[in-house]
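The values are calculated or read from the model by the stated rules, or taken from the named source; none is laboratory data. Just so we're clear, the structure is a prediction, and the values are computed from it rather than from any experiment. Note: ideal-geometry Cβ built from the backbone for every residue, glycine included; neighbour counts use all protein chains shown. The area values use the complete protein model at the heavy-atom level, side chains included, leaving out ligands, DNA and RNA. Shrake-Rupley method; radii C 1.70, N 1.55, O 1.52, S 1.80 Å.
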Amino acid sequence: MKALLVLTAITLLGGCAELKDAGRTVGHTTKEVTREIGHATRDATKAVGHASRDAVNSVKEELSEEKN
């Protein structure tokens, strides 16, 4: 009976280690994907901001040329 309990405990501990490893893999992958999404969002926002700024400056230049 004691041997069965020891064997069960060892089996459960091995399963816990596998679950921990799987959880770690999922966690690291999630972190990397989230970082890539954040960087892509930042880059897209920056590109839109620069394009908007350039468009406003272009309109300002055209308006100032029309006044002259």
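Any chance segment 44-64 includes a residue that's more than 22 Å from the chain's Cα centre (by Cα) and of a type in the set (Lys, Arg)? For segment 44-64, residues more than 22 Å from the chain's Cα centre (by Cα) and of a type in the set (Lys, Arg): present. Restricting attention to segment 1-37, which residues are within 27 Å of the chain's Cα centre (by Cα) and either of a type in the set (A, V, I, L, M) or assigned to a loop (DSSP other than H, G, I, E, B) (or both)? Ala17, Leu19, Ala22, Val26, Val33, Ile37 - these are the residues of segment 1-37 that are within 27 Å of the chain's Cα centre (by Cα) and either of a type in the set (A, V, I, L, M) or assigned to a loop (DSSP other than H, G, I, E, B) (or both).
Among the residues making up segment 1-32, a single one is open to solvent by less than 80 Å² (accessible area, probe 1.4 Å), modelled with pLDDT of 85 or more and either in contact with a helix residue (DSSP H, G or I) (Cβ under 7 Å, 6 or more places away or on another chain) or among the hydrophobic types (A, V, I, L, M, F, W, C) (or both): Ala22.
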